[in-house]
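Enquirer: For reference, the structure I am asking about is given below.
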Amino acid sequence: MTYRIAMDFAILFLVTGLFLVLVLMRIRTGSIAEEYENRAEALIYEMQKGTADEEQLEDACDFLRVVSKENRETVYLAGEEPGKLALGKWYFIKEKDELQVFVRQKLSVVLYGSECSAEFVFECTQEWNVMRRELIFFSLWYLGVAAAAVFVCYVLVRAVLRPIDEMSRQVSRLNLQNLHKERLNEEGSKAELKELAEGINGMLDRMEQAYDAQKQFVSEASHELRTPITVLQGYSSMLKRWGAEDKEVLAESIDAIESEAKSMQDLVEKLLFLSRHERRKLPFAKERFDMAEVIGELEKEMVYMTSTRNMRCSVCEPVRVYGDKQALKQAIRVFLDNAVKYTEEGDTITLSCRNKNGACEITIEDTGLGMKREDLEGIFGRFFRADTVRGKNIEGHGLGLSIARLIIDGHAGKIAVRTQYTKGSCFTVTIPRQRGV
Ligand code: ADP
């Protein structure tokens, strides 16, 4: 980049220099021509007065021709016209390796009583050579100054761009393998660049975190999928060996395969939901609806599914909610499923829906296992399962609450949890009233 900027400067200086030389040349040739025009006028004046004799005229100019405008006859001729190589009013003649330069001046005059055109040619090789020397001197001087300026510019630009060059080298070295250890050097940078380096480093930190989270997610998802696959493999090889003859083994295997397949389907659906959300492809189809209806439907569903728990709906006030009915139902179902999973026979699950000044407050309370204080922090994280439930052979992948939270967040809602280990838990979901919708 530094070279390119220096080259651009050099080209700019050269073009400017060329332009200056042309302007200088124009000025100097103009002044030479003007000087000879004055001389021609002085000679004409003397001819008009009759004081200029032929010899004097031949000395004063190299060629003179006076032509009458009336009959185009030459009235006066002195000297010999130089060769034909002419450029405007200039003649350039090369003689014995030496360039001779002449200038021509044409004047309209009244001579010998009639209108004439007088054409003078003067040799001006000397003046031309002086001008040439001046221009060469100027060009050399200019080239020297330009070279010094380009050098200074190169040094300055290099000093300014060095940290940026260094930064771009560091950035180009970055890849997924060294993302966790490579960072831009923030020290030694100037204030503005330091801010830029800090900004890029911040971005790299966030990228690293997102990448790690993604890696963690993939590894945990694979781990979760491994268990049901192993179980399926186990039962299929058991069936192969004894299944056909042993009716008991056959029945047990079919039940296990069915349940593991269901568990896998549930896991895959949850993973798909999360990955779609990750790619921000989770559009909510929002509408106005009465949450009491949804709660009524869910209560019926739960009563039908669990006959061993006391399932009741304490309050069910009508409350209009603006949101995705199916998604919100799915979220509340997560809390209800958990309430069933983490309670035992005879425990009570209480569901309520309240209208709090237009906001909708839903509570799902159970008298089950409850949670330890230290587990509360993690329950909304992906694949989190409290140690208190891990050994208990309770179905689950630790994804339900994180999905529920995504949906509630998407409706600007809040989730509060109250719990006591061995006594039970209470989840409260609040969906705010959406004004102006
Ligand atoms: P899963 O229930 O599939 O393990 P969730 O994300 O729904 O996953 O819940 C995460 C964890 O939170 C559970 O494993 C459990 O430890 C705890 N948890 C959630 N709901 C309850 C509840 N009602 N009672 C006790 N623990 C709960």
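The values are calculated or read from the model by the stated rules, or taken from the named source; none is laboratory data. From a predicted model like this one, the values you see are computed outputs, not experimental measurements. Cβ atoms come from the backbone with ideal geometry, glycine included; neighbour counts cover every protein chain shown.
Enquirer: List the number of the failed condition for Lys414; all other conditions in (1) free of Cβ contacts under 8 Å to residues at least 60 places away in the same chain; (2) within 37 Å of the chain's Cα centre (by Cα); (3) within 13 Å of the ligand (Cβ to nearest atom) hold.
Expert: Checking Lys414 against (1) free of Cβ contacts under 8 Å to residues at least 60 places away in the same chain; (2) within 37 Å of the chain's Cα centre (by Cα); (3) within 13 Å of the ligand (Cβ to nearest atom), the one that fails is (3).
Enquirer: Test each condition in (1) in contact (Cβ under 8 Å) with a residue 40 or more places away in the chain; (2) hydroxyl-bearing (Ser, Thr, Tyr); (3) more than 21 Å from Lys270 (Cβ to Cβ); (4) near the ligand (Cβ under 8 Å from one of its atoms) for Thr422 and report the one that comes out false.
Expert: Condition not satisfied by Thr422: (4).
Enquirer: Suppose we filter Glu166, Glu224, Glu192 for residues that are touching a residue at least 12 places away in the same chain (Cβ under 8 Å), closer than 25 Å to Tyr3 by Cβ and among the acidic types (Asp, Glu); which single one remains?
Expert: Glu166
Enquirer: Go through (1) near the ligand (Cβ under 9 Å from one of its atoms); (2) touching a strand residue (DSSP E or B) at 6+ places or on another chain (Cβ under 9 Å); (3) not acidic (Asp, Glu) and name the single condition Thr428 misses.
Expert: Every listed condition holds for Thr428 apart from (1).
Enquirer: Given (1) closer than 30 Å to Ala244 by Cβ; (2) touching a strand residue (DSSP E or B) at 6+ places or on another chain (Cβ under 6 Å); (3) of a type in the set (Val, Ile, Thr), where does Ile257 come up short, assuming only one miss?
Expert: Of (1) closer than 30 Å to Ala244 by Cβ; (2) touching a strand residue (DSSP E or B) at 6+ places or on another chain (Cβ under 6 Å); (3) of a type in the set (Val, Ile, Thr), only one is false for Ile257: (2).
Enquirer: So if I check each of Ala404, Ala339, Ala359, Ala331, which one is away from the ligand (no atom under 16 Å from the Cβ) and at pLDDT 95 or above?
Expert: Ala359
Enquirer: Go through segment 409-426 residue by residue and tally those that are at pLDDT 95 or above, under 24 Å from Leu282 (Cβ atoms) and touching a Leu at 6+ places or on another chain (Cβ under 9 Å).
Expert: 3
Enquirer: Conditions first: (1) under 25 Å from Glu55 (Cβ atoms); (2) among the polar types (S, T, N, Q); (3) without any contact (Cβ under 8 Å) to a residue 24 or more places away in the chain. Asn71 passes all but one, so which condition is the exception?
Expert: Failing condition for Asn71: (1).
Enquirer: Out of all the residues in segment 83-103, is one or more within 60 Å of the chain's Cα centre (by Cα) and more than 16 Å from Cys61 (Cβ to Cβ)?
Expert: Yes, some residue in segment 83-103 is within 60 Å of the chain's Cα centre (by Cα) and more than 16 Å from Cys61 (Cβ to Cβ).
Enquirer: In this structure, is Thr388 at pLDDT 95 or above and either surrounded by fewer than 16 Cβ atoms within 10 Å (Cβ to Cβ) or within 12 Å of the ligand (Cβ to nearest atom) (or both)?
Expert: no
Enquirer: If you don't mind, another one. Determine, yes or no, whether Ser352 is within 8 Å of the ligand (Cβ to nearest atom) and over 46 Å from the mean Cα position of the chain (by Cα).
Expert: Spelling it out, it is not the case that Ser352 is within 8 Å of the ligand (Cβ to nearest atom) and over 46 Å from the mean Cα position of the chain (by Cα).
Condition check ((1) within 30 Å of Val66 (Cα to Cα); (2) in the same structural domain as Asn71 (by TED's automatic domain parsing); (3) of a type in the set (A, V, I, L, M, F, W, C); (4) modelled with pLDDT of 90 or more) across all residues:
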site	(1), (2), (3), (4)
Leu135	no, yes, yes, yes
Ser139	no, yes, no, yes
Arg162	no, no, no, no
Arg173	no, no, no, no
Leu184	no, no, yes, no
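Enquirer: For segment 39-47, indicate whether the set of residues that are free of Cβ contacts under 8 Å to residues at least 12 places away in the same chain and either not assigned by TED's automatic domain parsing to the domain that holds Val109 or not hydrophobic (A, V, I, L, M, F, W, C) (or both) is non-empty.
Expert: Yes, that holds for at least one residue.
Enquirer: Let me spell it out: the conditions are (1) at pLDDT 90 or above; (2) among the hydrophobic types (A, V, I, L, M, F, W, C); (3) not assigned by TED's automatic domain parsing to the domain that holds Glu54, and Met167 meets all of them except one. Which number is the exception?
Expert: (1)
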